[in-house]
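Asks: The structure's right below; bear with me while I get my questions together.
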Amino acid sequence: VPEFTVSQSDRLTLSTGLDALSHAMESFWSKGRTPLSQALSITAIKYIREYLPKVMKNPNDLEMRKMMCVAALLAGLSFSITRTTACHSISYPLTMCFGLEHGFAAAITLLPVAEVNETAVPEISHIYSVFEGKGGFEAWLRDLTGPVQELRLSAFGISLSDIDSIVQKAFTQGRMDNNPVMISPGDVKDILLKVL
């Protein structure tokens, strides 16, 4: 019910919207992806691209909030088929050890993980095309999050000296091994350094 979401703060609205985006994107490239899961995912991504910025600008607009509820539902249906992947796996120590809200922790690595997965899942280009290219996705995410919370690890107080301990805790069974490309500790470190 969209009425129940109106009392959310901008920060909670943004982080939960980004969690839905993470569900959709990770499901799209998951090892377990199917034509159905990808259709659900890409529709959710299109809705989130359109409606999350509108909700952030007009938080009392129930129609926009309803569409975000639909997007979150579609993303949830999609990842109920596939499960999530590396972004969620890396997110858990960011939340447990450094207090990042779950949606921020999951979304912060979306672009570098997408780039790692491009060779195994060429359909990732369909995600980029929703945002008019990879650079468009990066700009959309930056413009959306900037006024509330910059999506850089350093903006959450995480420093270079913390990276190795995050890497050690970033491998969750059923998440990291669900990624279409095998990711090593060195790869996780590279991903984290890109968003430091």
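What follows is calculated from the coordinates using simple rules that are stated; it is not laboratory data. A quick note: this is a predicted structure, and the numbers were derived from the prediction, not measured. So basically every Cβ, Gly included, is an ideal-geometry build from the backbone, and we count neighbours across all protein chains shown.
Asks: Just want to confirm a number: the relative contact order over the range 2-194, from Cα pairs under 8 angstrom separated by 6+ residues, in percent. Before the final figure, lay out each step's value.
Replies: Values: 272 pairs, mean separation 53.8, N = 193.
Computed value for the range 2-194: 28 percent relative contact order.
Asks: Also, quick follow-up: Grab the chain and count how many Lys pairs have their alpha-carbon atoms under 24 Å apart, sequence gap of 8 or more, or different chains.
Replies: Taking the chain as the scope, the lysine pair count is 17.
Asks: OK, next. Taking the beta-carbon count within 10 Å as an exposure proxy, list I158, I163 from fewest neighbours to most.
Replies: I163, I158
Asks: Let me ask something else about it. So what is the relative contact order of the range 1-85, in percent, for Cα pairs below 8 Å that sit 6 or more residues apart?
Replies: After rounding, I find 45 percent.
Asks: Can you give the Rg to Rh ratio for the range 88-158, taking only C-alpha atoms and Rh from Kirkwood?
Replies: Numbers: Rg = 13.0 Å, Rh = 13.0 Å.
Over the Cα atoms of the range 88-158, Rg/Rh equals 1.00.
Asks: May I ask you to sort I90, I108 by Cβ crowding, counting other Cβ atoms within 10 Å and putting the fewest first?
Replies: Starting with the residue having the fewest Cβ neighbours, the order is I90, I108.
Asks: Report the Cα-based extents of the range 102-196 along its three principal axes, largest first, to the nearest Å.
Replies: That gives 36, 34, 19 Å along the principal axes, largest extent first.
Asks: Picking from E63, E26, E150, which is most flexible by a Gaussian network model of the chain using Cα springs under 10 Å?
Replies: Result for the chain, Cα springs under 10 Å: E63 fluctuates most.
Asks: Let me ask you something else. Could you pull out which residues in the range 66-100 have an amide N less than 13 Å from a spot 7 Å beyond the Cα of R11, following the Cα-Cβ vector?
Replies: 99-100
Asks: Turning to a different aspect of this structure: Largest first and to the nearest Å, give the Cα extent of the chain along each principal axis.
Replies: Ordered largest first, the chain gives principal extents of 44, 38, 28 Å.
Asks: List E101, E3, E118 from most exposed to least, where exposure is judged by having the fewest other Cβ atoms within 10 Å.
Replies: Fewest-to-most ranking of E101, E3, E118: E3, E118, E101.
Asks: Using the Karplus curve 6.51 cos²θ - 1.76 cosθ + 1.60 with θ = phi - 60°, what ³J(HN,Hα) values do you get for each residue of the range 118-128, in whole Hz, with x for Gly and Pro?
Replies: Karplus values, whole Hz, x for Gly and Pro: 4, 5, 7, 10, x, 5, 4, 4, 5, 5, 4.
Asks: If the chain between R152 and F98 were fully stretched, how many nm would it gain, using 0.36 nm times the residue separation less the Cα-Cα distance?
Replies: Numbers: separation 54, 0.36 × 54 = 19.44 nm, distance 1.30 nm.
So the chain would gain 18.1 nm between R152 and F98.
Asks: Determine the calculated [θ] at 222 nm for the chain from helices alone, applying -39500 (n - 2.57) to every DSSP H run no shorter than 4 residues and normalising by the residue count; nearest 500 deg cm²/dmol.
Replies: For the chain, the value works out to -20500 deg cm²/dmol.
Asks: Taking θ = phi - 60°, what integer Hz values does the Karplus form 6.51 cos²θ - 1.76 cosθ + 1.60 yield along the range 180-192, in sequence order, with x for Gly and Pro?
Replies: x, 10, 5, 10, 8, x, x, 5, 4, 4, 4, 4, 5
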